[in-house]
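Undergrad: So that we are looking at the same thing, I have put the structure below in structure tokens.
Only the coordinates and a few stated rules stand behind these numbers; no lab work does. Please read these numbers as outputs of a predicted model, since none were measured by experiment. Methodologically, a virtual Cβ is constructed for each residue, glycine included, from the backbone with ideal geometry; neighbour enumeration extends over all protein chains shown.
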2 protein chains.
Amino acid sequence: MSRQDALKQRAQSVFPRGIYGHLGTRAMPENFPQFFTSAKGVRMTDVDGKEYIDYMCAYGLNLFGYGDEEINNAFVEQMRKTDTLTGVSPVMVEFAERFTGIVSHADWAVFVKNGTDATTLGAMIARAHTKREKIIIAEGAYHGMAAWSSASPGVTAGEKAGRISCTYNDVESLERAVMEAGDDLAAIFATPFKHDVFIDQAEPDPIYARRARDLCDKTGALLVVDDVRAGFKLARDCSWSVVGVEPDLSAWGKCIANGHPISALLGSDTAREAAAKVRYTGSFWFQSGPMAAGLVTLDRIMNTPYLENIQSLGHSLREGMAKVAQKNGVGLRQTGPVTMAMFLFDDDPDLRKGYRFCAEMVSRGVYMHPFHNMFISDALTLDDVVQTLDAADEAFRALAAAELAPNTRLAALTA
Amino acid sequence: MSRQDALKQRAQSVFPRGIYGHLGTRAMPENFPQFFTSAKGVRMTDVDGKEYIDYMCAYGLNLFGYGDEEINNAFVEQMRKTDTLTGVSPVMVEFAERFTGIVSHADWAVFVKNGTDATTLGAMIARAHTKREKIIIAEGAYHGMAAWSSASPGVTAGEKAGRISCTYNDVESLERAVMEAGDDLAAIFATPFKHDVFIDQAEPDPIYARRARDLCDKTGALLVVDDVRAGFKLARDCSWSVVGVEPDLSAWGKCIANGHPISALLGSDTAREAAAKVRYTGSFWFQSGPMAAGLVTLDRIMNTPYLENIQSLGHSLREGMAKVAQKNGVGLRQTGPVTMAMFLFDDDPDLRKGYRFCAEMVSRGVYMHPFHNMFISDALTLDDVVQTLDAADEAFRALAAAELAPNTRLAALTA
């Protein structure tokens with residue numbers, strides 16, 4: 001038995017049914033590795049010694065690659081002085097000053113751990129600010145795992161009661177949702193672009209974004225941009241700055257300390273009073289190590305061409321993939337921003353083509369995701385892209401030649 | 001202006017109203033420091049260079065003191081290999097095996113970040129397991145900051161609808177609550193002992209604990225012990241092992257990696273199927289550094305007399321404090337387990353005596369809390385206790401001599 005399989009078997013016993021959440025592999029192609037011993041830059045090495053170029057970047061955590069020495073050293077240096085204690089480190093104030101100085105709409109910050117903490121706090125503050133309950137969420141959008149936005153078993157009807165659904169980028173459906181909320185609208189939530197799983201991504205329609213701002217201004221509701229996933233991958237500001245719209249609240253996480261655990265809710269003065277009233281805290285929320293790492297990360301964001309780099313690399317990957325797919329007669333759809341690539345195949349309702357393609361890629365040392373957007377980090381190089389395209393050429397050829405059985409793995413997601 | 005005051009002023013601007021949550025100092029005695037530059041063992045140093053013996057241990061995070069070299073080195077070594085990536089480290093399986101091997105009722109684990117994540121997951125799993133909604137929570141008990149258990153502005157009526165209240169240690173009130181739930185009881189939650197703020201602590205009445213187990217068995221509801229705060233401070237097992245009661249689920253956090261950010265929900269096989277169905281994940285939940293730190297922490301817990309040490313130190317502190325208080329004619333109440341001391345004063349409804357005492361202690365380099373339980377860590381020594389008692393002697397004398405004005409600081413907690 002491989003070390004990989006042995007660990008998967010042990011995990012079955014000590015977790016409810018193996019590794020859970022987005023790192024569960026029951027619903028991934030069969031040959032996907034789950035256990036890794038090390039990671040550096042864009043490469044990770046699994047427990048059986050195989051190396052992969054990783055296009056998931058820990059699901060968007062490492063904007064500057066794994067194990068960045070400068071950022072990690074800042075973390076360790078702070079941790080050796082103090083990490084979490086009965087009080088806070090001055091670095092917390094510095095990080096808040098720096099972060100709110102970068103994000104145009106932001107006058108204040110609250111630091112939390114999970115991205116879900118940030119979006120949930122946004123929902124609570126909007127409700128406290130407006131003294132209303134309804135929150136508009138686009139169908140299929142992910143705003144974290146808390147009860148107010150989740151569809152999980154164990155969530156009660158009362159917890160879900162505040163949600164109203166709309167269709168992303170569809171102005172009419174947004175207006176209908178606002179109408180449905182009547183005088184009870186607390187907030188409109190929006191991801192910066194449509195990055196749902198399983199379907200093509202979509203850039204935000206500026207008319208939709210401006211209408212959302214407009215409807216919030218008219219009703220007194222708060223506009224919340226959930227930038228947890230896309231933050232700093234599209235702009236050096238809140239992601240809706242690219243369509244000229246400023247929210248009242250924005251939720252951040254994942255990459256703001258290049259993978260060290262910290263998330264944030266940023267807010268404008270409009271919401272300050274409510275934010276001061278809502279009660280929130282967490283044992284680890286004041287951990288200063290990630291804040292020290294975050295300061296270096298924000299400096300890197302403001303003072304290096306990382307954004308232009310990942311955009312340029314993303315373009316190279318997209319153009320290369322399109323060429324290689326076409327050469328092999330495969331209909332490949334690449335959607336959304338180039339820095340957050342999504343690959344789906346034409347005529348592939350059960351994703352059997354996507355699964356086979358990703359399985360072929362993984363066996364060639366390139367880790368790509370069959371139904372979730374991917375991420376380009378600043379540690380990627382053109383050589384890595386060339387290696388990826390070589391692997392893709394072979395993978396497309398194998399895919400074109402294969403008899404594909406129905407995809408039975410996906411069922412594990414809902415079972 | 002002191003560096004302390006300058007930082008407080010800057011914090012007012014970049015946070016909704018200064019540092020928030022349990023590390024806000026608006027409701028603490030006026031001279032309490034908020035910003036610190038370093039911490040080691042039981043001592044922390046504030047930004048103006050003053051040193052304090054800290055009886056809060058970061059609110060129970062560091063069972064073995066601040067900056068433990070062995071534990072921190074294990075963290076750094078793992079972080080340098082990989083921390084959070086697109087997959088998991090084998091250390092996650094090892095930590096789950098070790099942890100479930102220590103806690104008698106536990107067959108499986110789910111690792112999360114916040115203590116609140118662990119208690120919330122417990123509530124969701126109980127609801128999914130029973131397909132019912134009602135959760136019994138003792139009045140005044142703290143089970144984290146999520147909507148299902150919180151009283152914050154911004155929580156909706158629907159989110160609160162599932163709660164039923166009872167009185168801790170009062171069997172009749174528990175039975176009434178179960179009756180009130182009718183056929184809709186999902187869970188009984190319990191802290192291992194009564195550790196509410198502002199009031200005397202109380203050890204668990206074994207009859208109450210056994211009746212809770214009994215009522216869960218009869219109704220099919222799950223018993224959840226919230227050991228986030230008290231875990232491993234009373235026993236080398238779930239804290240209700242001391243009264244002979246095993247829960248179905250237990251929530252852990254704070255000290256399980258000596259302050260590195262990780263919490264856990266542990267469960268028995270009864271709840272495994274529901275735990276497998278409920279959907280949960282977090283970007284940072286698979287961070288392996290805290291798991292490596294946690295392995296060393298659990299080894300220390302199982303293989304050193306830390307528990308006997310903190311109990312013995314706690315007894316010395318309690319006996320010494322009683323003597324010094326008596327000598328100075330002050331009526332001091334010390335309640336709850338000695339490892340989690342709580343000091344309240346007789347005839348002190350607005351806590352003016354407690355506030356003055358803590359202010360006097362802080363000015364003498366001892367950080368104690370006027371209305372929250374404190375924590376003894378294994379890094380404390382008898383010399384530290386002697387230094388504390390010397391300070392207390394002076395503080396009690398100052399208190400006895402003082403004219404005490406009404407306590408206006410507490411109002412900040414609810415404002």
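Undergrad: In whole Å, how far is the Cα centre of the range B:56-101 from that of the range A:120-138?
TA: 36 Å
Undergrad: A further question follows. Starting from the amide H of B:Cys166, placed 1.01 Å from N in the peptide plane, find each other amide H under 5 Å away whose residue is 5 or more places distant or on another chain.
TA: Hits under the 5 Å cutoff: B:Ile137, B:Ala138, B:Glu139.
Undergrad: Counting only C-alpha contacts under 8 Å and six or more residues apart, can you give the relative contact order of chain B as a whole percent?
TA: It rounds to 23 percent for chain B.
Undergrad: Note the full-extension length gain between A:Glu77 and A:Gln12 as 0.36 nm times their separation in residues minus their Cα-Cα distance, in nm to one decimal.
TA: Between A:Glu77 and A:Gln12, full extension yields an extra 19.7 nm.
Undergrad: Can you tell me how the range A:69-303 classifies by the Cα gyration tensor, rounded, prolate or oblate, using a/c under 1.5 as the rounded cut?
TA: prolate
Undergrad: Work out from phi, with θ = phi - 60° and the Karplus expression 6.51 cos²θ - 1.76 cosθ + 1.60, the ³J(HN,Hα) of each residue of the range A:167-182, listed in order in whole Hz, and give x for Gly and Pro.
TA: My calculation for the range A:167-182 gives 9, 4, 6, 10, 4, 4, 5, 5, 5, 4, 5, 4, 4, 4, 5, x Hz in order.
Undergrad: State the answer as a single residue: which of B:Ile199, B:Thr25, B:Gly122 lies farthest towards the positive end of the charge dipole of chain B, with beta carbon charges of +1 for Lys and Arg and -1 for Asp and Glu, about the Cα centre.
TA: Result: B:Thr25, furthest along the dipole toward the positive end.
Undergrad: Next up: Could you give the nm distance between label points at B:Asp184 and B:Ile207, where each point is 7 Å from its Cα heading toward the beta carbon?
TA: 3.1 nm
Undergrad: Related question: Among the chymotrypsin sites (Phe, Trp or Tyr not before Pro) in the range A:13-42, which ones are in a DSSP loop with at most 10 other Cβ atoms within 10 Å of the Cβ? Mind listing them?
TA: Passing sites in the range A:13-42 do not exist.
Undergrad: In what sequence do A:Val324, A:Val197 fall when counting other Cβ within 10 Å, fewest first?
TA: A:Val197, A:Val324
Undergrad: Rounded to whole Hz and in sequence order, give me ³J(HN,Hα) for the range A:318-335 from the Karplus expression 6.51 cos²θ - 1.76 cosθ + 1.60, θ = phi - 60°, writing x for Gly and Pro.
TA: 4, 5, x, 5, 4, 5, 5, 5, 4, 4, 9, x, 9, x, 10, 9, 10, 10
Undergrad: Suppose R0 equals 60 Å; then what is the FRET efficiency for B:Thr408 and A:Asp347 from their Cβ-Cβ distance, rounded to the nearest 0.05?
TA: Computed FRET efficiency for B:Thr408 and A:Asp347: 0.25.
Undergrad: What residues have an amide H closer than 5 Å to that of B:Asp378, excluding those fewer than 5 places away on the same chain, when H is modeled at 1.01 Å from N in the peptide plane?
TA: Correct list: B:Phe64, B:Gly65.
Undergrad: Further question: Of the beta bridges DSSP finds with both residues in the protein assembly as shown, what % are antiparallel, to the nearest 5?
TA: The answer is about 55 percent antiparallel.
Undergrad: Can you grab the distance from the C-alpha centre of the range A:349-405 to the C-alpha centre of the range B:303-360, Å, no decimals?
TA: Answer, in whole Å: 63.
Undergrad: Shifting gears a bit: For the range A:178-206 and the range A:1-20, what is the centre-to-centre distance using only Cα atoms, to the nearest Å?
TA: One Cα centre to the other: 37 Å.
Undergrad: Continuing with the same structure: Given a Förster distance of 22 Å, report the FRET efficiency between B:Ala400 and B:Asp5 from their Cβ-Cβ distance, rounded to the nearest 0.05.
TA: The pair B:Ala400/B:Asp5 has a calculated efficiency of 0.15.
Undergrad: While we're on this one: Could you list which residues have their amide H under 5 Å from that of B:Gly336, counting only those 5 or more apart in sequence or on another chain, with H placed in the peptide plane?
TA: B:Gln201, B:Glu203
Undergrad: So, one more: From the Cα gyration tensor of the range B:117-215, with a ≥ b ≥ c the square roots of its eigenvalues, which class applies: rounded if a/c is under 1.5, or else prolate if a/b is larger than b/c, or else oblate?
TA: Oblate shape, in that a/c is at least 1.5 and b/c is the bigger or equal ratio.
Undergrad: Considering only DSSP beta bridges where both residues belong to chain A, give the percentage that are antiparallel (nearest 5).
TA: If I count the DSSP bridges inside chain A, around 60 percent turn out antiparallel.
Undergrad: Moving on. Hey, what do the phi angles of the range A:43-53 turn into as Karplus ³J(HN,Hα) couplings, whole Hz, using 6.51/-1.76/1.60 and θ = phi - 60°, x for Gly and Pro?
TA: Rounded to whole hertz, the list is 10, 10, 10, 7, 5, 9, x, 7, 9, 9, 7.
Undergrad: With both partners inside the range A:69-303, how many of the DSSP beta bridges are antiparallel, as a percent to the nearest 5?
TA: The antiparallel fraction comes to roughly 45 percent.
Undergrad: Rounded if a/c is under 1.5, else prolate if a/b beats b/c, else oblate: with a ≥ b ≥ c from the C-alpha gyration tensor eigenvalues square-rooted, which is the range A:206-307?
TA: Taking the square roots of the gyration eigenvalues as a ≥ b ≥ c, the range A:206-307 is oblate.
Undergrad: Name the lysines eligible as straight-distance cross-link partners of B:Lys218: C-alpha to C-alpha under 22 Å, and not fewer than 8 places from it in the same chain.
TA: B:Lys131, B:Lys134
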